[in-house]
1. When the solvent-accessible surface of protein heavy atoms is calculated with a 1.4 angstrom probe, in what order do Tyr349, Tyr176, Tyr263 fall, highest first?
2. If packing is taken as the average number of other Cβ atoms within 10 Å across a peptide's residues, how do 177-183, 317-323, 291-297 rank, most packed first?
3. Could you tell me the ratio Rg/Rh of the range 83-214? Both radii from Cα atoms, Rh via Kirkwood.
4. How do 198-206, 226-234 rank on mean C-beta neighbours within 10 Å, highest first?
5. Within the accessible area of the range 285-377, what % is carbon and sulfur when the probe is 1.4 Å and the other protein chains stay in place?
6. Could you work out, for the range 208-257, what percent of all Cα-Cα pairs fall into each 10 Å distance bin, beginning at 0 Å and stopping at the bin that holds the largest distance?
7. Set the Förster radius R0 to 35 Å, insert the Cβ-Cβ distance between Ala156 and Val230 as r into 1/(1 + (r/R0)^6), and round the FRET efficiency to 0.05.
8. For a Förster distance of 30 Å, can you work out the FRET efficiency between the beta-carbons of Asp109 and Tyr145, rounded to the nearest 0.05?
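The values are calculated or read from the model by the stated rules, or taken from the named source; none is laboratory data. Note that the structure is predicted; figures quoted are calculated from it, not measured. Cβ placement follows ideal geometry from the backbone for every residue including glycine, while neighbour counts extend to all protein chains displayed. Each accessible area value is taken on the protein alone, full model and side chains, heavy atoms only, with ligands, DNA and RNA left out. Shrake-Rupley method; radii C 1.70, N 1.55, O 1.52, S 1.80 Å.
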Amino acid sequence: MSNNKFFQTVKSLFTKKKDQDKEREPEPSVPSREEIAEAPVPEDAPILKVEHLKKYFPIARNFFGKPIRFLRAVDDVSFTVERGTAIGVVGESGCGKTTLGRTILRLYDIDGGTVQFCGEDLTKLKQSAMQKYRTRMQLIFQDPYSSLSPRMTVGAIISEGVRAHKIVPREQVHDYVLEVMRKCGLQPQYYDRYPHEFSGGQRQRICIARALAVKPELVICDEPVSALDVSIQAQIINLLKELQAADSLTYVFISHDLSVVKYITDQVMVMYLGNVMELGATEKIFAEPLHPYTKALFSAVPVPNPDVKMNRIILEGDIPSPANPPKGCKFHTRCSSCMNACRFIQPGYNEVREGHFVACHLYDENILSRSAEIDGEYVVWLQEQIAAAKSYAGKREYLAELERMRPDLYTAWLSAALLKRESVLDHLPGRKKERAHLMEELARMDGEEADRVTAELAARKASKKGSKPPESEDVAEAPAEDEKPDDADKTDDRGE
(Lines give C-alpha, C1' and ligand atoms only; values in the text may rest on other atoms or scores of the structure.)
Protein backbone atom coordinates (compact mmCIF):
# COMPACT_ATOMS: atom_id res chain seq x y z
CA MET A 1 0.00 0.00 0.00
CA SER A 2 2.83 2.34 0.80
CA ASN A 3 4.24 1.94 -2.72
CA ASN A 4 0.84 2.70 -4.27
CA LYS A 5 0.50 5.86 -2.18
CA PHE A 6 3.98 6.94 -3.22
CA PHE A 7 3.25 6.51 -6.93
CA GLN A 8 -0.10 8.28 -6.57
CA THR A 9 1.61 11.22 -4.88
CA VAL A 10 4.25 11.46 -7.63
CA LYS A 11 1.54 11.22 -10.29
CA SER A 12 -0.51 13.99 -8.67
CA LEU A 13 2.56 16.27 -8.55
CA PHE A 14 3.28 15.74 -12.27
CA THR A 15 -0.38 16.31 -13.13
CA LYS A 16 -0.43 19.53 -11.11
CA LYS A 17 2.73 20.82 -12.81
CA LYS A 18 1.30 19.97 -16.24
CA ASP A 19 -1.88 21.92 -15.47
CA GLN A 20 0.17 24.90 -14.31
CA ASP A 21 2.18 24.86 -17.54
CA LYS A 22 -1.03 24.92 -19.57
CA GLU A 23 -2.30 27.95 -17.64
CA ARG A 24 0.83 29.93 -18.42
CA GLU A 25 0.77 32.41 -21.26
CA PRO A 26 2.31 30.98 -24.45
CA GLU A 27 5.79 32.26 -25.23
CA PRO A 28 6.24 34.23 -28.45
CA SER A 29 7.12 31.79 -31.22
CA VAL A 30 10.02 32.21 -33.63
CA PRO A 31 8.79 33.60 -36.96
CA SER A 32 8.63 31.08 -39.76
CA ARG A 33 10.46 31.35 -43.09
CA GLU A 34 7.31 32.58 -44.82
CA GLU A 35 6.70 35.26 -42.16
CA ILE A 36 10.30 36.46 -42.44
CA ALA A 37 10.11 36.60 -46.23
CA GLU A 38 6.84 38.54 -46.11
CA ALA A 39 8.12 41.04 -43.53
CA PRO A 40 8.44 44.55 -45.02
CA VAL A 41 12.02 45.49 -45.85
CA PRO A 42 12.98 49.01 -46.93
CA GLU A 43 13.85 49.15 -50.60
CA ASP A 44 17.12 50.98 -49.99
CA ALA A 45 18.19 48.67 -47.14
CA PRO A 46 21.29 46.56 -47.90
CA ILE A 47 20.96 42.80 -47.70
CA LEU A 48 24.05 42.56 -45.46
CA LYS A 49 25.51 45.19 -43.16
CA VAL A 50 28.48 44.37 -40.94
CA GLU A 51 29.61 46.92 -38.36
CA HIS A 52 32.76 46.63 -36.19
CA LEU A 53 32.66 42.82 -36.28
CA LYS A 54 35.11 41.03 -33.97
CA LYS A 55 36.00 37.39 -33.46
CA TYR A 56 38.70 36.41 -30.97
CA PHE A 57 39.90 32.90 -30.18
CA PRO A 58 41.40 32.31 -26.70
CA ILE A 59 44.89 30.81 -26.82
CA ALA A 60 45.86 31.00 -23.12
CA ARG A 61 43.89 30.75 -19.87
CA ASN A 62 44.71 31.40 -16.23
CA PHE A 63 44.41 28.95 -13.36
CA PHE A 64 40.65 29.49 -13.13
CA GLY A 65 40.06 28.94 -16.85
CA LYS A 66 39.55 32.60 -17.74
CA PRO A 67 41.03 33.56 -21.15
CA ILE A 68 43.98 35.93 -20.81
CA ARG A 69 45.37 35.92 -24.38
CA PHE A 70 43.48 35.97 -27.65
CA LEU A 71 44.09 35.45 -31.34
CA ARG A 72 42.34 38.33 -33.08
CA ALA A 73 41.16 36.61 -36.24
CA VAL A 74 38.62 39.33 -37.16
CA ASP A 75 39.19 42.73 -35.57
CA ASP A 76 36.79 45.63 -36.20
CA VAL A 77 35.56 44.85 -39.75
CA SER A 78 32.79 46.94 -41.34
CA PHE A 79 31.25 46.77 -44.82
CA THR A 80 27.90 46.78 -46.63
CA VAL A 81 26.62 44.61 -49.49
CA GLU A 82 23.66 45.59 -51.66
CA ARG A 83 21.17 43.01 -52.90
CA GLY A 84 22.14 41.25 -56.13
CA THR A 85 25.79 42.33 -55.99
CA ALA A 86 29.04 40.54 -55.07
CA ILE A 87 31.86 41.65 -52.80
CA GLY A 88 35.31 40.07 -53.00
CA VAL A 89 37.42 39.48 -49.88
CA VAL A 90 41.15 39.15 -50.61
CA GLY A 91 44.32 38.98 -48.57
CA GLU A 92 47.19 36.73 -47.55
CA SER A 93 46.62 33.38 -45.89
CA GLY A 94 45.76 33.81 -42.23
CA CYS A 95 44.28 37.31 -42.54
CA GLY A 96 40.82 36.18 -41.36
CA LYS A 97 38.82 35.82 -44.59
CA THR A 98 37.29 32.41 -43.84
CA THR A 99 36.66 33.32 -40.20
CA LEU A 100 34.85 36.45 -41.37
CA GLY A 101 32.51 34.42 -43.58
CA ARG A 102 31.73 31.87 -40.90
CA THR A 103 31.17 34.54 -38.27
CA ILE A 104 28.66 36.30 -40.54
CA LEU A 105 26.73 33.02 -40.79
CA ARG A 106 26.92 32.65 -36.97
CA LEU A 107 28.86 29.39 -37.30
CA TYR A 108 31.20 31.16 -34.86
CA ASP A 109 29.88 33.24 -31.99
CA ILE A 110 30.29 36.99 -32.40
CA ASP A 111 32.57 38.66 -29.83
CA GLY A 112 31.77 42.23 -30.84
CA GLY A 113 29.97 44.35 -33.41
CA THR A 114 26.76 43.59 -35.30
CA VAL A 115 25.64 41.63 -38.35
CA GLN A 116 22.40 42.82 -39.96
CA PHE A 117 20.71 40.69 -42.61
CA CYS A 118 17.79 42.35 -44.46
CA GLY A 119 17.51 44.84 -41.62
CA GLU A 120 17.40 42.16 -38.89
CA ASP A 121 20.15 42.04 -36.26
CA LEU A 122 21.50 38.49 -36.05
CA THR A 123 24.08 39.21 -33.36
CA LYS A 124 22.15 38.13 -30.27
CA LEU A 125 19.82 35.53 -31.77
CA LYS A 126 19.86 32.07 -30.25
CA GLN A 127 20.59 29.03 -32.38
CA SER A 128 16.89 28.08 -32.42
CA ALA A 129 16.03 31.48 -33.85
CA MET A 130 18.92 31.33 -36.33
CA GLN A 131 17.46 28.16 -37.86
CA LYS A 132 14.90 30.27 -39.71
CA TYR A 133 17.70 32.20 -41.40
CA ARG A 134 19.82 29.20 -42.38
CA THR A 135 18.01 28.70 -45.66
CA ARG A 136 18.46 32.35 -46.61
CA MET A 137 22.24 32.32 -46.00
CA GLN A 138 24.37 29.49 -47.35
CA LEU A 139 28.05 28.59 -47.58
CA ILE A 140 30.00 26.99 -50.44
CA PHE A 141 33.05 25.29 -48.97
CA GLN A 142 36.56 25.50 -50.33
CA ASP A 143 37.32 21.79 -50.67
CA PRO A 144 34.80 19.86 -52.82
CA TYR A 145 36.35 16.55 -51.75
CA SER A 146 36.01 16.69 -47.95
CA SER A 147 32.75 18.69 -47.82
CA LEU A 148 30.65 15.90 -49.38
CA SER A 149 29.68 12.83 -47.39
CA PRO A 150 31.04 9.69 -49.13
CA ARG A 151 28.15 7.60 -47.74
CA MET A 152 25.38 9.62 -49.38
CA THR A 153 24.30 9.81 -53.00
CA VAL A 154 24.13 13.08 -54.87
CA GLY A 155 20.33 13.11 -54.61
CA ALA A 156 20.47 12.55 -50.85
CA ILE A 157 23.08 15.28 -50.37
CA ILE A 158 21.10 17.91 -52.27
CA SER A 159 17.70 16.89 -50.86
CA GLU A 160 18.83 16.78 -47.22
CA GLY A 161 18.36 20.52 -46.65
CA VAL A 162 15.20 20.57 -48.77
CA ARG A 163 13.56 17.93 -46.57
CA ALA A 164 14.81 19.40 -43.29
CA HIS A 165 13.52 22.90 -44.01
CA LYS A 166 10.45 21.75 -45.96
CA ILE A 167 11.26 23.86 -49.00
CA VAL A 168 8.76 21.92 -51.12
CA PRO A 169 6.17 19.20 -50.28
CA ARG A 170 7.60 15.73 -49.75
CA GLU A 171 6.17 14.28 -52.96
CA GLN A 172 7.84 17.05 -55.01
CA VAL A 173 11.35 16.72 -53.55
CA HIS A 174 12.66 14.37 -56.26
CA ASP A 175 11.56 16.55 -59.16
CA TYR A 176 12.72 19.70 -57.40
CA VAL A 177 16.22 18.26 -56.84
CA LEU A 178 16.47 17.21 -60.49
CA GLU A 179 15.59 20.76 -61.53
CA VAL A 180 18.29 22.20 -59.26
CA MET A 181 20.80 19.73 -60.67
CA ARG A 182 19.90 20.77 -64.20
CA LYS A 183 20.46 24.45 -63.36
CA CYS A 184 23.92 23.59 -62.00
CA GLY A 185 24.93 21.52 -65.03
CA LEU A 186 24.43 18.06 -63.50
CA GLN A 187 22.82 15.26 -65.50
CA PRO A 188 19.73 13.44 -64.09
CA GLN A 189 21.56 10.10 -64.05
CA TYR A 190 23.91 11.51 -61.39
CA TYR A 191 21.09 11.41 -58.83
CA ASP A 192 21.95 7.91 -57.51
CA ARG A 193 25.73 8.15 -57.79
CA TYR A 194 28.27 8.77 -55.00
CA PRO A 195 30.77 11.67 -54.75
CA HIS A 196 33.84 9.52 -55.41
CA GLU A 197 32.55 8.86 -58.94
CA PHE A 198 32.91 12.51 -59.96
CA SER A 199 35.75 14.86 -60.86
CA GLY A 200 36.67 17.96 -58.89
CA GLY A 201 34.61 20.30 -61.06
CA GLN A 202 31.54 18.08 -60.88
CA ARG A 203 31.88 17.83 -57.10
CA GLN A 204 31.98 21.61 -56.83
CA ARG A 205 28.80 21.77 -58.91
CA ILE A 206 27.21 19.38 -56.39
CA CYS A 207 28.26 21.72 -53.56
CA ILE A 208 26.74 24.68 -55.40
CA ALA A 209 23.53 22.73 -56.03
CA ARG A 210 23.33 21.79 -52.35
CA ALA A 211 23.65 25.44 -51.33
CA LEU A 212 21.11 26.71 -53.90
CA ALA A 213 18.55 23.97 -53.20
CA VAL A 214 17.21 25.82 -50.13
CA LYS A 215 16.65 29.04 -52.13
CA PRO A 216 19.19 31.31 -50.39
CA GLU A 217 19.48 35.06 -50.82
CA LEU A 218 23.09 35.39 -49.61
CA VAL A 219 25.85 32.90 -50.48
CA ILE A 220 29.30 32.93 -48.84
CA CYS A 221 31.74 31.47 -51.40
CA ASP A 222 34.85 30.38 -49.50
CA GLU A 223 37.42 30.00 -52.28
CA PRO A 224 35.13 27.79 -54.38
CA VAL A 225 37.56 27.45 -57.32
CA SER A 226 40.96 27.31 -55.59
CA ALA A 227 41.13 23.48 -55.74
CA LEU A 228 40.16 23.27 -59.43
CA ASP A 229 42.00 23.45 -62.74
CA VAL A 230 41.96 26.69 -64.71
CA SER A 231 39.51 25.43 -67.35
CA ILE A 232 37.16 24.09 -64.66
CA GLN A 233 37.48 27.36 -62.74
CA ALA A 234 36.10 29.26 -65.72
CA GLN A 235 33.08 26.94 -65.90
CA ILE A 236 32.28 27.34 -62.20
CA ILE A 237 32.71 31.12 -62.30
CA ASN A 238 30.42 31.40 -65.33
CA LEU A 239 27.89 29.17 -63.56
CA LEU A 240 27.93 31.43 -60.48
CA LYS A 241 27.43 34.49 -62.69
CA GLU A 242 24.48 32.89 -64.49
CA LEU A 243 22.84 31.82 -61.23
CA GLN A 244 23.33 35.30 -59.77
CA ALA A 245 21.60 36.89 -62.74
CA ALA A 246 18.76 34.34 -62.76
CA ASP A 247 17.99 34.28 -59.01
CA SER A 248 19.26 37.74 -57.90
CA LEU A 249 21.81 36.15 -55.57
CA THR A 250 24.24 38.11 -53.41
CA TYR A 251 27.79 36.79 -53.06
CA VAL A 252 30.54 37.28 -50.51
CA PHE A 253 33.37 35.86 -52.61
CA ILE A 254 36.53 34.87 -50.72
CA SER A 255 39.50 34.17 -52.96
CA HIS A 256 43.26 34.46 -53.50
CA ASP A 257 42.90 34.73 -57.28
CA LEU A 258 42.62 38.46 -57.97
CA SER A 259 41.76 37.95 -61.64
CA VAL A 260 38.71 35.90 -60.62
CA VAL A 261 37.72 38.54 -58.08
CA LYS A 262 38.00 41.24 -60.72
CA TYR A 263 35.68 39.30 -63.05
CA ILE A 264 32.89 38.30 -60.66
CA THR A 265 32.68 41.03 -57.99
CA ASP A 266 31.36 44.58 -57.78
CA GLN A 267 33.34 45.55 -54.66
CA VAL A 268 36.71 44.46 -53.28
CA MET A 269 37.71 44.40 -49.61
CA VAL A 270 41.39 43.90 -48.76
CA MET A 271 42.15 42.36 -45.35
CA TYR A 272 45.37 42.12 -43.37
CA LEU A 273 45.70 40.53 -39.92
CA GLY A 274 41.97 40.69 -39.28
CA ASN A 275 41.59 44.36 -40.28
CA VAL A 276 40.24 45.99 -43.44
CA MET A 277 42.97 47.89 -45.26
CA GLU A 278 40.94 49.11 -48.24
CA LEU A 279 37.40 48.84 -49.57
CA GLY A 280 35.89 50.17 -52.77
CA ALA A 281 34.44 49.47 -56.18
CA THR A 282 36.30 46.77 -58.11
CA GLU A 283 37.12 48.95 -61.12
CA LYS A 284 38.42 51.82 -58.98
CA ILE A 285 40.61 49.66 -56.73
CA PHE A 286 42.16 47.72 -59.61
CA ALA A 287 42.71 50.95 -61.57
CA GLU A 288 44.14 52.96 -58.67
CA PRO A 289 44.88 51.15 -55.39
CA LEU A 290 45.68 53.52 -52.54
CA HIS A 291 46.92 51.47 -49.59
CA PRO A 292 50.58 50.30 -49.81
CA TYR A 293 49.52 46.73 -49.03
CA THR A 294 46.91 46.78 -51.80
CA LYS A 295 49.49 48.08 -54.24
CA ALA A 296 51.89 45.27 -53.36
CA LEU A 297 49.11 42.69 -53.52
CA PHE A 298 47.81 43.81 -56.92
CA SER A 299 51.31 44.08 -58.37
CA ALA A 300 51.46 40.28 -58.22
CA VAL A 301 48.60 39.92 -60.75
CA PRO A 302 50.14 38.56 -63.99
CA VAL A 303 49.54 40.51 -67.19
CA PRO A 304 48.94 38.32 -70.29
CA ASN A 305 51.28 40.39 -72.42
CA PRO A 306 54.97 39.45 -72.78
CA ASP A 307 55.87 42.99 -73.83
CA VAL A 308 54.57 44.56 -70.60
CA LYS A 309 57.14 44.83 -67.82
CA MET A 310 55.83 43.92 -64.37
CA ASN A 311 56.55 46.44 -61.61
CA ARG A 312 56.40 43.88 -58.83
CA ILE A 313 56.47 45.22 -55.26
CA ILE A 314 58.21 42.72 -52.98
CA LEU A 315 57.19 42.82 -49.31
CA GLU A 316 60.02 42.10 -46.90
CA GLY A 317 59.50 39.88 -43.89
CA ASP A 318 56.67 37.57 -42.94
CA ILE A 319 53.17 38.43 -41.90
CA PRO A 320 53.08 38.96 -38.08
CA SER A 321 51.06 36.69 -35.85
CA PRO A 322 47.47 37.79 -35.17
CA ALA A 323 48.02 36.59 -31.61
CA ASN A 324 50.73 39.21 -31.16
CA PRO A 325 50.11 42.00 -33.71
CA PRO A 326 52.35 45.08 -33.95
CA LYS A 327 51.31 48.30 -32.27
CA GLY A 328 49.89 51.09 -34.42
CA CYS A 329 49.31 50.12 -38.03
CA LYS A 330 49.61 46.34 -38.32
CA PHE A 331 51.29 46.67 -41.72
CA HIS A 332 54.02 49.12 -40.68
CA THR A 333 56.60 46.35 -40.13
CA ARG A 334 56.52 45.57 -43.89
CA CYS A 335 55.55 48.95 -45.33
CA SER A 336 58.05 50.93 -47.41
CA SER A 337 56.14 54.18 -46.72
CA CYS A 338 56.12 53.78 -42.93
CA MET A 339 56.14 56.99 -40.86
CA ASN A 340 56.66 57.48 -37.14
CA ALA A 341 52.92 57.83 -36.68
CA CYS A 342 52.42 54.35 -38.13
CA ARG A 343 54.53 52.81 -35.36
CA PHE A 344 52.31 53.74 -32.41
CA ILE A 345 49.02 55.25 -33.70
CA GLN A 346 46.36 53.01 -35.20
CA PRO A 347 45.07 54.44 -38.49
CA GLY A 348 41.42 55.32 -38.89
CA TYR A 349 39.12 53.72 -41.43
CA ASN A 350 38.12 56.76 -43.50
CA GLU A 351 36.33 57.42 -46.78
CA VAL A 352 39.02 59.04 -48.91
CA ARG A 353 36.83 59.22 -52.02
CA GLU A 354 33.21 58.46 -52.67
CA GLY A 355 32.69 54.81 -51.78
CA HIS A 356 36.46 54.26 -51.36
CA PHE A 357 37.63 53.55 -47.80
CA VAL A 358 41.29 53.29 -46.73
CA ALA A 359 42.93 52.66 -43.35
CA CYS A 360 46.24 54.49 -43.82
CA HIS A 361 47.94 57.57 -42.35
CA LEU A 362 49.12 58.62 -45.81
CA TYR A 363 45.57 59.77 -46.59
CA ASP A 364 44.80 61.28 -43.17
CA GLU A 365 45.13 65.06 -43.38
CA ASN A 366 45.12 65.41 -39.60
CA ILE A 367 48.14 63.13 -39.24
CA LEU A 368 50.02 64.71 -42.15
CA SER A 369 49.44 68.25 -40.85
CA ARG A 370 50.75 67.26 -37.40
CA SER A 371 53.78 65.30 -38.62
CA ALA A 372 56.34 67.36 -36.65
CA GLU A 373 54.26 67.17 -33.47
CA ILE A 374 53.75 63.43 -33.90
CA ASP A 375 57.49 62.91 -34.41
CA GLY A 376 58.05 64.57 -31.05
CA GLU A 377 55.40 62.38 -29.45
CA TYR A 378 57.07 59.36 -30.96
CA VAL A 379 60.44 60.30 -29.42
CA VAL A 380 58.81 60.65 -26.01
CA TRP A 381 57.01 57.33 -26.44
CA LEU A 382 60.27 55.70 -27.51
CA GLN A 383 62.08 57.00 -24.43
CA GLU A 384 59.31 55.61 -22.26
CA GLN A 385 59.72 52.21 -23.87
CA ILE A 386 63.49 52.27 -23.29
CA ALA A 387 63.05 53.31 -19.67
CA ALA A 388 60.46 50.63 -19.13
CA ALA A 389 62.76 48.08 -20.74
CA LYS A 390 65.52 48.97 -18.25
CA SER A 391 63.14 48.88 -15.29
CA TYR A 392 61.30 45.70 -16.17
CA ALA A 393 63.92 43.78 -18.10
CA GLY A 394 63.49 40.86 -15.72
CA LYS A 395 59.88 40.30 -16.75
CA ARG A 396 59.43 37.88 -19.59
CA GLU A 397 56.06 39.40 -20.58
CA TYR A 398 57.52 42.85 -21.08
CA LEU A 399 60.44 41.49 -23.09
CA ALA A 400 57.98 39.82 -25.41
CA GLU A 401 56.09 43.12 -25.73
CA LEU A 402 59.32 45.00 -26.45
CA GLU A 403 60.36 42.42 -29.05
CA ARG A 404 56.99 42.76 -30.76
CA MET A 405 56.88 46.57 -30.84
CA ARG A 406 60.56 47.43 -31.31
CA PRO A 407 62.75 44.47 -32.30
CA ASP A 408 65.71 46.83 -32.78
CA LEU A 409 65.58 47.94 -29.13
CA TYR A 410 65.17 44.37 -28.00
CA THR A 411 68.26 43.32 -29.97
CA ALA A 412 70.25 46.23 -28.55
CA TRP A 413 69.24 45.30 -25.00
CA LEU A 414 70.20 41.68 -25.57
CA SER A 415 73.58 42.68 -26.99
CA ALA A 416 74.29 44.91 -24.01
CA ALA A 417 73.20 42.17 -21.64
CA LEU A 418 75.58 39.68 -23.23
CA LEU A 419 78.56 42.05 -23.33
CA LYS A 420 78.07 43.33 -19.76
CA ARG A 421 77.60 39.79 -18.43
CA GLU A 422 74.23 40.61 -16.94
CA SER A 423 72.33 37.60 -15.68
CA VAL A 424 70.41 36.94 -18.88
CA LEU A 425 69.66 33.45 -17.68
CA ASP A 426 67.56 34.83 -14.84
CA HIS A 427 65.21 36.45 -17.36
CA LEU A 428 64.32 33.11 -18.90
CA PRO A 429 61.59 30.74 -17.67
CA GLY A 430 63.74 27.64 -17.12
CA ARG A 431 67.26 26.30 -17.18
CA LYS A 432 66.54 23.73 -19.89
CA LYS A 433 65.84 26.33 -22.58
CA GLU A 434 68.71 28.69 -21.78
CA ARG A 435 71.12 27.69 -24.54
CA ALA A 436 68.46 27.36 -27.24
CA HIS A 437 66.89 30.71 -26.37
CA LEU A 438 70.22 32.50 -26.19
CA MET A 439 71.36 31.18 -29.57
CA GLU A 440 67.99 31.92 -31.11
CA GLU A 441 68.35 35.56 -30.10
CA LEU A 442 71.87 35.66 -31.52
CA ALA A 443 70.58 34.23 -34.79
CA ARG A 444 67.96 36.98 -35.02
CA MET A 445 70.56 39.74 -34.92
CA ASP A 446 72.02 41.28 -38.01
CA GLY A 447 75.19 39.67 -39.30
CA GLU A 448 77.52 42.44 -38.14
CA GLU A 449 75.85 42.69 -34.73
CA ALA A 450 76.06 38.94 -34.18
CA ASP A 451 79.72 38.88 -35.25
CA ARG A 452 80.54 41.74 -32.89
CA VAL A 453 78.89 40.06 -29.93
CA THR A 454 80.43 36.68 -30.73
CA ALA A 455 83.88 38.24 -31.16
CA GLU A 456 83.59 40.00 -27.83
CA LEU A 457 82.54 36.78 -26.12
CA ALA A 458 85.46 34.91 -27.67
CA ALA A 459 87.89 37.66 -26.71
CA ARG A 460 86.77 37.64 -23.09
CA LYS A 461 86.94 33.87 -22.98
CA ALA A 462 90.50 33.96 -24.32
CA SER A 463 91.52 36.64 -21.82
CA LYS A 464 90.16 34.51 -18.99
CA LYS A 465 92.38 31.64 -20.10
CA GLY A 466 95.40 33.96 -20.53
CA SER A 467 95.74 33.39 -24.25
CA LYS A 468 95.71 35.87 -27.11
CA PRO A 469 92.24 36.77 -28.38
CA PRO A 470 91.53 35.69 -31.94
CA GLU A 471 91.50 38.17 -34.78
CA SER A 472 88.19 39.48 -36.15
CA GLU A 473 88.58 37.55 -39.41
CA ASP A 474 89.08 34.28 -37.59
CA VAL A 475 86.25 35.01 -35.23
CA ALA A 476 83.84 35.50 -38.09
CA GLU A 477 84.55 31.99 -39.34
CA ALA A 478 85.01 30.22 -36.03
CA PRO A 479 81.64 30.35 -34.29
CA ALA A 480 79.14 27.90 -35.68
CA GLU A 481 75.56 27.76 -34.48
CA ASP A 482 76.03 24.31 -32.99
CA GLU A 483 79.09 25.48 -30.98
CA LYS A 484 77.68 28.82 -29.75
CA PRO A 485 75.43 27.45 -27.01
CA ASP A 486 78.28 25.74 -25.09
CA ASP A 487 80.50 28.83 -25.24
CA ALA A 488 77.75 31.21 -24.26
CA ASP A 489 76.60 28.94 -21.47
CA LYS A 490 80.08 28.52 -20.02
CA THR A 491 80.75 32.25 -20.18
CA ASP A 492 77.50 33.17 -18.48
CA ASP A 493 77.93 30.54 -15.76
CA ARG A 494 81.46 31.71 -15.03
CA GLY A 495 80.52 35.40 -14.67
CA GLU A 496 82.97 38.18 -14.32
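1. So, going from the largest accessible area down, we get Tyr263, Tyr349, Tyr176.
2. Averaged packing, sorted descending, gives the order 291-297, 177-183, 317-323.
3. Rounded to two decimals, Rg/Rh equals 0.99.
4. 198-206, 226-234
5. Looking at the range 285-377 in its full context, I get 49 percent from C and S.
6. Taking all Cα pairs of the range 208-257, the binned fractions are 24, 59, 17 percent.
7. About 0.65, to the nearest 0.05.
8. 0.60
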